[in-house]
Amino acid sequence: MKRKLMALLLAGALAVGLAACSRNVGTEDSAPPASSPTGGTTETTGAKDPSEVKVALVCGGAVNDGGWNASAYEGLQRIEETLGVETAYTEKVAVAEMPQVIRTYARQGFDLIFGHGAEFGEPMSTVAPEFPDTTFVAVNANVEAGNLTGTVFKFGECGYFCGMAAAMVSETGKIGIIPPDDAPNNKADIDTYELGAKAVNPDIEVYTAFTGSWDDLPKAKEASESLISKGCDVLLAMGDAYAVGVYQACENAGIKAIGWVSDQHDLSDAVICSGLQSVGDVYVATAERYLEGTMEQGVQVYGMPDGAQGMSEFYGLTEEQAAEVEAAMQDYLDGKLEIPTLY
Amino acid sequence: MNKRARAMVNYLISIVIALLLAFAIIGALLLWQGVDPVETFMALFQGAFIGKSNLGASLLLATPLILGGLGIALSFRCGIFNIGGEGQLYLGAFAATWLGVNLVGLPFWLHIPICFLGSMIFGGLWALIPGYLKISKGYNETVTSVLLNYVGVYFVNYALSSFFKEPGALNHQSPKIQTSAMLSKIMSGSELNTSFLMALLIVALFFLIFYKTDVGFKLRAVGQNAEASRTSGIHTRKYLLLAIIVSGALSGLAGSAQVMGYQHLMVQNFSPNTGYDIIAVALMGNLHPIGVLIAGIFLGALRSGASVMQIMMGVPVTILYIIQGVIILSILGFSRANIDFIGLVGGLFRKKESQSMAKEA
């Protein structure tokens, strides 16, 4: 009996070994991508027929979060309305599932696939070489390859002016910021938030509380409460769905908040202004270029000079304060004010 | 008809009824949402099986479910309820990734088995903790193994954001494993790899050991009645421990198969809920290796078909989770109820006969 078991165990070892054998296909995907030479325009095939083009959007969060992912969905809808192409989207995709979802779209014959966020850079770099006929765009990611383009914002612009507004409104001399983590994209705005605030009030203290997620509402609320207990009276909610949690905490404590990505004054009266990133414009512009066949290779940078970033109306500032921020924005556009942006 | 075949047919009938019921419920839900149910189910089926790439994706997702499901089936059959598949799977995958990244210069025929073995050892040792506590101290293994899931998953997630994080990466992820630790693809146009063949072989092996050997018999005996087995001279504790360790090792293998097969690096939460899905697979497969194989492929196909369906029909993601839940619940409900359909149908035809028999009695 023992011998029989031994034989079976040996067969088990064989089974493990089998997975190792017969590797003729080997490491297809680790081979360098068959990319066209870098630089210059690559897609010179001319204009495409919109009725034959399918555009897909993959989001990490929910498209009704009222912030970052909602802006992508809005962009996709504008693409469908203005350009007349077929569109589809998938929301709430975990990082681990991204490659599979992107592959599924490519296999279903989608021509242009947007990944909405820096976290799509890596999965798209993996998948792009497998589908040379598909064009991949990773929004906010600093990536490029033959058929993969990244678009980035000039991170750091909005943070500066939000910081100015926060410092003007603050009475305690302490302000807070609640970002998800200190990834480079966020770090740029966190740093300039402090710079902008110090430009108005050099003695101001800036506190940061990370949530570790883009949509953990209860955690954002807890983080807000801890910042409020430290004496902060203006909070910048640098997240997606969790911004609502920050606003709730601010309303309860009777202090001010600043929104991010879209004008969030309609979500809460506590919001005195919002830093804007018009992701929709980026989507429409990219899709237009794809259809015209004029898509440039390399990372595309969108900032305030392109109208892709900016500030919302100022609700909680006096006219002089608002004018001061706007003057600073004009100085920046004229090149008189230097802001250390990421790109 | 002998008893076994009859039970088999009953089981198959119950599954068909369960599926029909599930699709009827989902159809009503879709109609209410204003989506054509027939078209949606066609998209689901097409996404699961039509075309090489779709079929490949289904089998790819099925592989870890089959491997882990076998482990759970084994432990449940032996009467030790290992719910800790999630933690064992993460630690197994962690071990395989670590070995895959850090062992440089090995030939693939050595590197791949080492990674697999590492994942089995880590998964097995993680399962040994609740197993040992159960056998020596009588702690409830369901509770301890579930709690250890959190420890395991968060340890791995912590590792991926600290000492095992790829320097400079934006996402919390490990470095890529060496090419010598990557499994070969077996179907062009899809990510299907040799780990699926390995899963098939392990199913066969499991079947042989469990039903044709001495050890398998003792394992089954312990599961049927531990007290009786002990009095008839079986070392019950040893076999309980063996069952939970092998169960953990298979869960670990389910994790490493994903990393070495197609993900090639580990991200945080790389395989969400697989450790719990394998329990559903094991139960749907009636704790039988062949059943687990079929249930694993079924759930894998459902997963992969659902994502295509979502794309083609624009159904919100949340409806997918409802669909999967309804199907799993329905199958479990019917298959566990053990309804004797043959008896029921036969009863209708033989009503008179049974009445006369009743009179005689």
For this session: Output the number of the condition that residue B:311 fails; it satisfies all remaining conditions of (1) within 11 Å of chain A (Cβ to nearest Cβ); (2) part of a loop (DSSP other than H, G, I, E, B); (3) among the hydrophobic types (A, V, I, L, M, F, W, C).
Result: (2)
Problem set entry | Filter result (among the aliphatic types (A, V, I, L, M) and more than 10 Å from chain A (Cβ to nearest Cβ)) within segment B:261-291 | B:278, B:279, B:280, B:281, B:282, B:283, B:284, B:287, B:290
Problem set entry | Unmet criterion (only one of (1) more than 14 Å from every other protein chain (Cβ to nearest Cβ); (2) surrounded by 22 or more Cβ atoms within 10 Å (Cβ to Cβ); (3) under 29 Å from residue B:124 (Cβ atoms)) for residue B:331 | (3)
Seminar exercise, completed: When (1) among the polar types (S, T, N, Q); (2) buried (at least 21 other Cβ atoms within 10 Å of the Cβ); (3) within 12 Å of another protein chain (Cβ to nearest Cβ) are applied to residue A:64, the one that fails is (2)
For this session: Sort out which residues of segment A:312-343 are part of a loop (DSSP other than H, G, I, E, B) and charged (D, E, K, R), and write them in order of number.
Result: A:313, A:336, A:338
Exercise. Since residue B:209 meets every condition but one in (1) surrounded by 20 or more Cβ atoms within 10 Å (Cβ to Cβ); (2) closer than 30 Å to residue B:304 by Cβ, which condition does it not meet?
Worked result: (2)
Seminar exercise, completed: Given (1) surrounded by fewer than 18 Cβ atoms within 10 Å (Cβ to Cβ); (2) more than 7 Å from chain A (Cβ to nearest Cβ); (3) more than 16 Å from the chain's Cα centre (by Cα); (4) in a helix (DSSP H, G or I), residue B:187 misses just (4)
Seminar exercise, completed: If we take segment B:191-243, then helices (runs of 4 or more DSSP H) inside it with 3 or more residues that are more than 14 Å from chain A (Cβ to nearest Cβ) and modelled with pLDDT under 95 are B:214-224, B:226-231
Problem set entry | Condition met for residue B:174 (more than 9 Å from every other protein chain (Cβ to nearest Cβ), in contact with a helix residue (DSSP H, G or I) (Cβ under 6 Å, 6 or more places away or on another chain) and within 21 Å of residue A:102 (Cβ to Cβ)) | yes
Seminar exercise, completed: Picking from B:320, B:348, the residue that is at pLDDT below 80, more than 14 Å from every other protein chain (Cβ to nearest Cβ) and surrounded by fewer than 21 Cβ atoms within 10 Å (Cβ to Cβ) would be B:348
For this session: Tell me which residues, restricted to segment A:80-116, are of a type in the set (Gly, Ala, Ser), at the interface with another protein chain (Cβ under 8 Å from one of its Cβ atoms) and farther than 18 Å from residue B:171 by Cβ.
Result: A:88
For this session: Identify the residue in segment A:172-220 that is touching a Pro at 6+ places or on another chain (Cβ under 8 Å) and charged (D, E, K, R) and, among all such residues, is surrounded by the fewest Cβ atoms within 10 Å (Cβ to Cβ).
Result: A:191
For this session: Take the residues in segment B:267-308 that are of a type in the set (Phe, Trp, Tyr) and in a helix (DSSP H, G or I), then tell me which one is nearest to residue B:81 (Cα to Cα).
Result: B:276
For this session: Would you check which residues across segment A:288-306 are farther than 17 Å from residue A:156 by Cβ and part of a loop (DSSP other than H, G, I, E, B) and list them?
Result: A:293, A:294, A:295, A:297, A:298
Seminar exercise, completed: Within segment B:292-308, of all residues that are more than 14 Å from every other protein chain (Cβ to nearest Cβ) and of a type in the set (Val, Ile, Thr), the one surrounded by the most Cβ atoms within 10 Å (Cβ to Cβ) is B:292
Exercise. What number goes with the only condition from (1) within 17 Å of residue B:294 (Cα to Cα); (2) touching a residue at least 24 places away in the same chain (Cβ under 8 Å) that residue B:8 does not pass?
Worked result: (2)
Exercise. Is it the case that residue A:87 is among the polar types (S, T, N, Q), modelled with pLDDT of 85 or more and on the phi < 0 side of the Ramachandran plot?
Worked result: yes
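Residues checked against (1) in contact with a Pro (Cβ under 6 Å, 6 or more places away or on another chain); (2) free of Cβ contacts under 8 Å to residues at least 12 places away in the same chain; (3) more than 25 Å from residue B:91 (Cβ to Cβ):
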residue: B:165; (1), (2), (3): no, yes, no
residue: B:175; (1), (2), (3): no, no, no
residue: B:180; (1), (2), (3): no, no, no
residue: B:186; (1), (2), (3): no, yes, yes
residue: B:191; (1), (2), (3): no, no, no
residue: B:197; (1), (2), (3): no, yes, no
For this session: With the condition kept exactly as written, say whether any residue in segment B:29-52 is more than 14 Å from every other protein chain (Cβ to nearest Cβ) and of a type in the set (Gly, Ala, Ser).
Result: yes
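The values are calculated or read from the model by the stated rules, or taken from the named source; none is laboratory data. Not measured: the values here are computed from a predicted model. Because the Cβ atoms are built from the backbone with ideal geometry, glycine has one as well, and the counts that use them run over all protein chains shown.
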